[in-house]
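Since the structure comes first, as structure tokens, the remarks are kept for the end.
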């Protein structure tokens with residue numbers, strides 16, 4: 001398979017979204033080598049707490065060990081291969097016990113007991129054999145409480161992999177007076193009938209909102225206008241929706257910043273800093289924790305979305321995180337997580353909860369619009385209607401400095417071009 005022939009500077013071949021062989025190669029070359037997000041430390045607060053996660057094709061377990069560290073293990077008993085946990089989350093106590101033949105393992109994966117051990121004497125499968133241990137992820141690391149694992153023993157460190165995209169986690173945590181967030185245990189899960197790349201391209205695509213989300217945005221704007229005419233201040237959640245119907249000129253005025261590993265930032269101030277009593281009380285807590293200058297720096301970051309390629313979309317100003325788990329060339333699981341700012345007032349949490357439910361939940365009009373487009377896109381690329389996908393918009397107009405691509409137009413398809421440069425490097 002010659003990957004180079006599939007990606008050109010301004011277009012890509014449709015097979016990168018549809019070919020099962022390419023999907024399998026992605027699992028091997030990208031997903032099962034890079035640092036993949038597993039979850040937040042607050043999802044496993046106590047020893048024995050675990051959370052099941054998928055890394056590429058590999059079922060894994062994120063677990064809090066007895067010594068307080070978070071480890072990531074393969075969800076497979078080394079005896080006959082049965083998965084050690086079948087639930088998404090839970091507490092396994094002091095050890096994992098296989099439901100098939102009762103082999104048990106400490107929380108770090110080392111063997112605890114082999115029932116009827118006499119039957120294994122004089123064979124290669126004795127407890128001294130490393131093959132009797134649950135296999136661990138080659139590397140596990142975290143950044144500001146967000147846990148990542150890599151199945152490859154070599155490669156860049158987590159800090160090197162994240163690069164400038166770590167601002168997603170800094171921006172989220174810095175908005176807490178305690179400098180930390182904790183997960184909200186309710187996660188929305190959506191199976192998208194489309195290739196994972198559709199989602200990643202869409203997140204920093206500033207051209208589509210005024211088209212795709214027009215009906216929702218315009219309807220919300222009309223209500224805002226009517227309330228203002230009545231002398232009433234519209235609730236902030238109307239602005240969360242009406243902003244999607246901003247003009248093409250407004251979207252074109254924002255900027256995307258695209259990094260060498262495919263990560264990216266869509267810059268735009270979301271206008272979510274009103275001067276109501278709740279906001280002022282919250283800002284007073286931040287100033288007490290960080291001082292006025294740092295508080296202003298933290299709250300003034302121009303961030304709408306941060307992408308950690310190829311699987312995370314983080315809306316840090318509202319503590320939202322969406323994570324992809326590819327299933328097949330035309331099927332992707334999307335996990336939508338929400339976080340609380342430790343030490344922040346309940347009203348600030350409720351504000352971000354509105355966004356979580358109005359914009360990012362499976363039932364919203366915004367999410368439904370995107371899901372429909374991605375499904376239709378997948379079906380279109382599986383047809384004989386053409387062989388190439390266009391990324392020509394503002395091609396040649398971007399500014400490149402030290403390997404970082406800055407768009408001169410928010411509606412530039414620099415985002416997609418940058419992602420496929422990274423994709424080509426990984427796949428080669």
Once fully extended, how much extra length lies between residue 276 and residue 375, figured as 0.36 nm per residue of separation less the alpha-carbon to alpha-carbon distance?
-> 31.5 nm
Springs between alpha-carbon atoms under 10 Å, Gaussian network over the chain: tell me which of 88, 204, 324 tops the mean-square fluctuations.
-> 88
Can you put 186, 111, 63 in order, fewest other beta carbons within 10 Å first?
-> 186, 111, 63
All-pairs alpha carbon distance profile, the stretch 36-155, 5 Å steps from 0, percent = 2, 12, 22, 24, 19, 11, 6, 3, 1, 0
Hydrodynamic radius by Kirkwood for the chain, inverse mean 1/r across distinct Cα pairs, in Å, is 23.3 Å
Pick from 330, 252, 174: which residue has the top mean-square fluctuation in a GNM of the chain where Cα pairs under 10 Å get a spring?
-> 252
Take the eigenvalues of the Cα gyration tensor for the stretch 314-428, scale each by 5, and report the square roots as semi-axes in whole Å, largest first.
-> 31, 22, 14
Going by alpha carbons, how many degrees (0 to 90, nearest 10) lie between the helix axis of 277-290 and the longest principal axis of the chain?
-> 60 degrees
The alpha-carbon center of the stretch 399-428 and that of the stretch 1-67 are separated, in whole Å, by 21 Å
Spacing of the two label points (7 Å from each Cα toward its C-beta) at residue 247 and residue 349, in nm | 4.1 nm
Express in whole angstrom the spacing between the alpha-carbon centres of the stretch 245-319 and the stretch 138-173.
-> 20 Å
Return a whole-number percent for the relative contact order of the chain, with Cα pairs under 8 Å and 6 or more residues apart as the contact set.
-> 20 percent
Given the options 97, 53, 147, state which has the largest fluctuation in a GNM of the chain using a 10 Å cut-off (strictly under) for Cα springs.
-> 97
With everything on Cα atoms, drop me the angle between helix 346-355 and the longest principal axis of the chain, reported from 0 to 90° to the nearest 10.
-> 90 degrees
When 267, 342 are ranked with the fewest other C-beta atoms within 10 Å first, the list becomes 342, 267
Calculate how steeply helix 414-427 sits against the longest principal axis of the alpha-carbon atoms of the chain, using the helix alpha-carbon long axis, and give the answer as 0 to 90 degrees to the nearest 10.
-> 20 degrees
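The numbers here are math on the coordinates, done by the rules we state, and not lab data. Since the structure is predicted, the reported quantities are computational estimates derived from the model, not experimental observations. Counting neighbours? That spans all protein chains shown, and the Cβs are built from the backbone with ideal geometry, glycine included.
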